[in-house]
Each structure stands twice: as structure tokens, then as C-alpha cells.
Amino acid sequence: MIRIITALALRLLAMYVLATLALSLTVFLLQTRFEWGALRGDNWTYLGGVLVVFVLVAGIGALLWRLGTRALRTADRHDGGMVPAAPSRTDLLTLQRTLFALLGLYFAVHGLLGLLRDLVLHLDRNVPWVADFASMPLAWLLQLVELLIGLAIVVAAVGPRAVLRCWSRRHQA
């Protein structure tokens, strides 16, 4: 059972690393789009370094995913002598879907709360550290991307049919 929990934790960590990478890449692309002149000239080494870091993080996320998948396959065959019977494959998939859905909910709620915070701070003009109006859509876009990543993870975890079924029940009542 410990092997199964470890394998699922590796896969969950891989999903977190890859989702955080997608958010960081979004921030970087938004910054370079509006400050492209700063990346010309002598800053190519900086840009190359950032690209290397992104590739390394993507490689680590993919490696964690493969390790989790391999550990899940071997844990499914061996119970480690601790539990008389290993859980069935459907129980493992249900547990994995639940963990992924919780991770997606984390990203979705974090993005939604960040979006709400930015909108409320934008309304209060007396706060001196609030960004000017021109930079606020970038902050909103980042929070929106985080919300969309979270919702995509939830939909991928539970399936689009389950989401549509839940949505249709809610509107029928």
C-alpha cells in the first residue's frame, strides 16, 4: 500500500510541476511580449538561460510522471507483504482521479481568488501599491490562465461527461 501511495504522490507532484511550469511560461511570454526590446542585444544569454531552466523543469516533470507510472505498475503487482490483498485497479484509478481533481480544484480556486483580489484592489484607487490600469489586464490574464489550467485538470480527471452531467443536473433543478 505504501508503494501505491508513493506512486500516486509522484504522479501528483509531476502534475503540479507541469502546471506550475505552464503558469511560469505564461508569465514569461507575457513579460517578453511587452518588454521585447529589453531582450534584444546582450540579453540573449539571459533568454538562453531561461529556456534551459524551462526545459529542465519540463524534463523533471516528465521524469516524475514516468517514475510514478512505473511505480504504480510495479505496486499493482506487489503488495509488499504489508497488506494481504492489493487494492484493485479500479480503486487505484479512482484514487488517482480524486487526487488529480483536488489538484485541479486547488489551481482553479487559487486562480479565482487571485482574480477576485486583483479586481477588488483595482476598484480601490487609494491603495498606493496597486498597479496602474494598463498593467491590470496582464494580472487578470495570469489568474485566468491559472483558473483555466485548474479547470482543465478537473475535467481531465473526472471526464467531460461527468462534468456535463453535473452541469445538466444543476440547471434542471
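Would it be correct to say that residue 100 is at pLDDT 85 or above and not hydroxyl-bearing (Ser, Thr, Tyr)? Yes: the conditions hold for residue 100. The residues in the stretch 50-66 that are modelled with pLDDT under 85 and exposed (fewer than 13 other Cβ atoms within 10 Å of the Cβ) can be counted, and the count is 1. Filter the stretch 120-140 down to residues that are open to solvent by 70 Å² or more (accessible area, probe 1.4 Å) and in a helix (DSSP H, G or I) and give me whichever is modelled with the highest pLDDT. Residue satisfying both the conditions and the ranking: 120. Here residue 45 fulfils each of the conditions (1) open to solvent by 80 Å² or more (accessible area, probe 1.4 Å); (2) of a type in the set (Val, Ile, Thr); (3) modelled with pLDDT of 85 or more apart from (3).
Among the residues making up the stretch 67-96, those that are polar (S, T, N, Q), at pLDDT 75 or above and open to solvent by 50 Å² or more (accessible area, probe 1.4 Å) are 74, 94.
The values are calculated or read from the model by the stated rules, or taken from the named source; none is laboratory data. Computed from a predicted structure; not experimentally measured. Virtual Cβ from ideal backbone geometry, glycine too; neighbours counted across all protein chains shown. Remember, those area values only see protein heavy atoms, side chains included, never the ligands or the DNA or RNA. Shrake-Rupley method; radii C 1.70, N 1.55, O 1.52, S 1.80 Å.
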